[in-house]
Every structure is written in structure tokens, then in C-alpha cells.
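Q: My questions all concern the structure below.
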Amino acid sequence: MDEKAYWIAFNRVPGIGPARLAALLELCGSIQAAWEAPLSTLRQAGLDRRSLENLMALRGQVDPQAELERVRQAGVQVLTWDDPAYPARLRQIPHPPPVLYIQGELTPQDEVAVALVGTRRASAYGRQVAETLARELAHHRVTVVSGLALGIDTVAHQAALDAGGRTLAVLGSGVDQIYPARNRGLALRVAAQGALISEYPLGTRAEAANFPPRNRIISGLSLAVVVVEAGERSGARITAEFAADQGREVFAVPGSIFSPSSLGCNRLIQQGACPLLSPEELLEQLRVERQAAQQQARELIPPEPAEASLLAHLDQEPRHVDELVRAAALSPAEVNSLLTVMELKGLVRQVGPLQYVRAEAIP
């Protein structure tokens, strides 16, 4: 049986999230062994009584293979921790979702992404800012990430699509349960020109408790989060908090001190978020143009087997080209040629005369 079936089955067990599933995998060795483990082993993994009861009950009700077939018949792709295609940046956050359901397609271009989030009750000012930012990001081949909510999210997705760019919508429901209903047409466009993404099983309806956790995925997929317009207590501020915890850049668009919908942004700036005054400033601070060019180079220039060999001899300590020649058993000409191409791809950085280090975040 395809192991994805067991991942999907586990994803339906209430009380078994990323931390408990990681403990089960460490103890059992595989997802199938964890699903079939006896009660004594499950207790060893530290599952509490309620989680144990939920798992044992679901084992008797769920056929993992049937669950997998149901997902496939819906045209939904599933990515798990075991998949090389699982988004590299999301994998780095604390407790990344074990399973992602994807309607549409993730591409290498999505590794360069920025989240635009904000209030559902957007003002004309907020809508104009969101539209301008999304359009400029799309023109620079930066994927726009948001949450498909009304207001700022909707404007961000629409503007990115209208500009011919890519956009990802992270849902607080299953990808087959579009919320809000009035954005069903937009969701179809997003799936055709990007992807709908959720950690929730098919059939999961939107509930208030689902939205704060999904916000960590919005920030986790992104280089940075831009809060365009938000009240003092809003989901956009929660996304900004996740972004800060994940080491992402947080930008906030300043607004009128008399506007309640700008209070959240102004507070974020007061607390240390970077005030965003123009799209160019965002692109420059994130070095987006360089990252987009590096991503394009990775797409256009096929990987050489020797690249992996050379990367294995590089870390954050600078190494001289002569050292790399000896370590990789390649000629000086081969090493210099490889390093030039790898620098274009953003895989290595030159930090001094003939001194190189491995790039910090290699997809």
C-alpha cells in the first residue's frame, strides 16, 4: 500500500498533531508501523488517553487506502514530510504540518513568495495598497500568498492573477470546502494559476479554531509577511506573530491614526515591524530581484551531478578554491566553472578572494 494512505489516515485522528506524530515515527520507524502499532507501543510514544482512544476508534472505521483513493479522485495532491517536493521553507518552521492537501500545483517559483494579509473590512486605501503590492510582486515573479478571505486577501489574490503571476491560498478548511462561498470563482482561478493549500482533510468545514493554525502556514511559505491593513485584534496580526517567531521579515503599511483598520499596522510598527512605504522598498529589502533571478537560473540550468559533490564540502565556514579542488577531486577549471554557475543559482556565496560558503537557505 502507498504510505501516503497512512499519512492521510493519521491526519484524521483528533489529538495527534505534528509533535505526537513525530514521536510515533521516531519510535516506530515508519508511518505504516505507527498506524499498526500495538497499544503498548502507542503508550510508549507518550499519547494521552484521549488521543489513544481516538486512534483506536478510527483504526476500526477508516480504510487508509480508501481515503487515499478518495483524495486522488478529487484531483487533490498530497505532500507529506517524506516528500522531496514538500515546500523547503515551510519544512523549517516549528511543527510544520505533516500533510498538505493541494488543489493546483506548487512550482519552484513559489520558493520566492511574499504573504499579503489584512482585514476583511478593507478601506479604499487598503485595497489600493494591496492591489499595487500584489501587482508589483507578480511582475517580479514573486508568488503572492494569502488566505482567500474577503477584503485584503481577495484583492491580493485577484491582483496577482490579473498581472499574470502566481498566488497561493492557504485555507482554514478542506480544499474542497471553499470559504467564503462567494470566493469560489476566485478559488478556481487560484487553483489554475497557483494552488489552494490546506492541512485539513477533505470535507473539513471552516471553523474559527482552524484559522490561527493556518496562519503559520501562510507565513511559513513566505520570505516575508506584509500586513496591509488590520485592526488591533485580527488574524493578520496573528500571522505577523507567527512570521516573527519563524524568523521571517514582518512589514506593516502605516495608516491614519484615526482609522481603526490601521491600528493593528501602526501597533506592529511601534513594536518593531518595518514600515512599508513603497513596493520598491519591499523588493529591495528582501533582495527579491536577486532571489527571483537565482530561481530562474535554477530552472533554466540543469543541475550537474558534481554540484552535489561540491556542496557536500561546503558549509558556513569559508573554504578556498584550492581546498575544494583537493576535497572534491576535481580539476581547478571544473571547480571554478561549477562555482560560477552555483553562485548564479544562489547555491553558494563568495565571501572573499577565492573563498566560498554554502548559501544559507538552499531550496
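Q: Taking the condition within 30 Å of residue 132 (Cα to Cα) and either modelled with pLDDT of 90 or more or of a type in the set (D, E, K, R) (or both), does residue 80 pass?
A: It is false that residue 80 is within 30 Å of residue 132 (Cα to Cα) and either modelled with pLDDT of 90 or more or of a type in the set (D, E, K, R) (or both).
Results for (1) more than 11 Å from residue 230 (Cβ to Cβ); (2) touching a strand residue (DSSP E or B) at 6+ places or on another chain (Cβ under 9 Å), shown as yes or no for each residue.
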| residue | (1), (2) |
| --- | --- |
| 247 | yes, no |
| 250 | yes, yes |
| 253 | no, yes |
| 263 | no, no |
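Q: Could you list, in sequence order, the residues of region 195-222 that are aliphatic (A, V, I, L, M), surrounded by fewer than 23 Cβ atoms within 10 Å (Cβ to Cβ) and part of a loop (DSSP other than H, G, I, E, B)?
A: 202, 206
Q: Just for region 331-356: of the residues that are small (Gly, Ala, Ser), surrounded by fewer than 16 Cβ atoms within 10 Å (Cβ to Cβ) and outside any helix (DSSP H, G or I), which one is modelled with the lowest pLDDT?
A: My answer is 352.
Q: Next question. For region 284-330, which positions are charged (D, E, K, R), modelled with pLDDT of 80 or more and either under 13 Å from residue 341 (Cβ atoms) or not in a loop (DSSP other than H, G, I, E, B) (or both)? Please lay out each step first, then the result.
A: From region 284-330, those charged (D, E, K, R) are 284, 287, 289-290, 298-299, 304, 307, 315, 317, 319, 322-323, 326; that's our starting set.
Narrowing further to those that are modelled with pLDDT of 80 or more: 284, 307, 315, 317, 319, 322-323, 326.
Selection gives 284, 307, 319, 322, 323, 326.
Q: Could you run through region 123-145 and say how many residues are crowded, with 24+ Cβ neighbours inside 10 Å, touching a residue at least 60 places away in the same chain (Cβ under 8 Å) and more than 18 Å from residue 275 (Cα to Cα)?
A: Looking only at that region, the number is 2.
Q: Output the residue which, of all residues in region 24-45 that are closer than 26 Å to residue 92 by Cβ and touching a Leu at 6+ places or on another chain (Cβ under 8 Å), is modelled with the lowest pLDDT.
A: Filtering region 24-45 down to residues closer than 26 Å to residue 92 by Cβ leaves 24-31, 34, 45.
Next, from what is left, pick out any that are touching a Leu at 6+ places or on another chain (Cβ under 8 Å): 24, 31, 34, 45.
Working: 24: 91, 31: 94, 34: 90, 45: 80.
Among residues in region 24-45 that are closer than 26 Å to residue 92 by Cβ and touching a Leu at 6+ places or on another chain (Cβ under 8 Å), the one modelled with the lowest pLDDT is 45.
Q: Report whether or not residue 259 is surrounded by fewer than 21 Cβ atoms within 10 Å (Cβ to Cβ) and either touching a His at 6+ places or on another chain (Cβ under 6 Å) or touching a residue at least 40 places away in the same chain (Cβ under 8 Å) (or both).
A: Answer is yes for this residue.
Q: What number goes with the only condition from (1) buried (at least 24 other Cβ atoms within 10 Å of the Cβ); (2) modelled with pLDDT of 95 or more; (3) more than 19 Å from the chain's Cα centre (by Cα) that residue 230 does not pass?
A: Result: residue 230 fails condition (2) only.
Q: Can you name every residue in region 21-74 that is in contact with a Cys (Cβ under 6 Å, 6 or more places away or on another chain) and within 29 Å of residue 176 (Cβ to Cβ)?
A: Hit for region 21-74 is 34, nothing else.
Q: Still on this structure, I have one more. If you check 178, 238, which single one turns out to be closer than 20 Å to residue 150 by Cβ, β-branched (Val, Ile, Thr) and in a helix (DSSP H, G or I)?
A: Checking each option against the conditions leaves just 238.
The values are calculated or read from the model by the stated rules, or taken from the named source; none is laboratory data. Bear in mind that the values here come from a model prediction, so they are computed numbers and not experimental data. Don't worry about glycine lacking a Cβ; one is built from the backbone with ideal geometry, like all the others, and counts go over all protein chains shown.
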